[in-house]
Structures are given as C-alpha cells and as structure tokens.
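Following: one structure in structure tokens, then a few remarks.
The values are calculated or read from the model by the stated rules, or taken from the named source; none is laboratory data. No experiment lies behind these values; they were computed from the predicted model shown. Every residue, glycine as well, gets a Cβ built from its backbone with ideal geometry; the counts of neighbours run over all protein chains shown. For the accessible areas, the whole protein counts, side chains as well, though only heavy atoms, and no ligand, DNA or RNA atoms are used. Shrake-Rupley method; radii C 1.70, N 1.55, O 1.52, S 1.80 Å.
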Amino acid sequence: MGVIAWILIGLLAGAIAKLLLPGKDPGGIIVTMLIGIAGGLLGGWLGKVIFGVDSIDGFFDLSTWIAAVVGSLILLILYRALTGNSRSHRHA
C-alpha cells in the first residue's frame, strides 16, 4: 500500500478509536489524526510480531482495518494515561 492509503486508513482508524473511547483529549482533532496514523502502523507491526501474520494486506482487507483500529486504541489509551486525562473534567 502507498503512503496515501496509510494516511487514509490511519485517519479513519483514529476516528473509529475516538468513537469507541469518547472523551475530551488535549490536542483535539490534529492529535487524534496523528494517533490514528501511528496506530495503524503499530497495529500492523503488532500483528506481524505477535501473530506472525502480515495483517496489512490491502486497503479493503478486514485484517488491515482491525489492526489499524486496535493500534489506534492502544495509542489513544497510552496518550490519555500519559497526559493524565480522564473522562471527567478537572477544574483548577
């Protein structure tokens, strides 16, 4: 797959991850998009390392999308843990 396809999958996977884990994140949509792109790459790498399969076969393969969404979810959870953001709003 080309770079444009990776970016598109990452953007959509980031949006799906955000829908599955709603809440306010610092950084807004830009950070969510970047997390999605990186999550797609992470998901593909994890699929290869853990399961020994090439999970990034093609744009329309289900395994590609599952790997990208799982990677995005992992990164979104890590991002929230590192930034200290929770579902509740804290007021100073």
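How many times 2.2 N^0.38 Å is the alpha carbon radius of gyration of the stretch 3-84?
After normalising by residue count via 2.2 N^0.38 Å, the value is 1.02.
Keeping all protein chains in place and using 1.4 angstrom, which order do Thr83, Thr64 fall into by accessible surface area, from largest down?
Values: Thr83 65, Thr64 0 Å².
Of Thr83, Thr64, the descending order of accessible area is Thr83, Thr64.
Given the peptides 68-79, 10-21, arrange them by the average over their residues of other C-beta atoms within 10 Å, most packed first.
Top to bottom by mean Cβ count within 10 Å: 68-79, 10-21.
If DNA, RNA and ligands are ignored and the probe is 1.4 Å, what is the ranking of Asp25, Asp61 by accessible area, most exposed first?
Descending accessible area places them as Asp61, Asp25.
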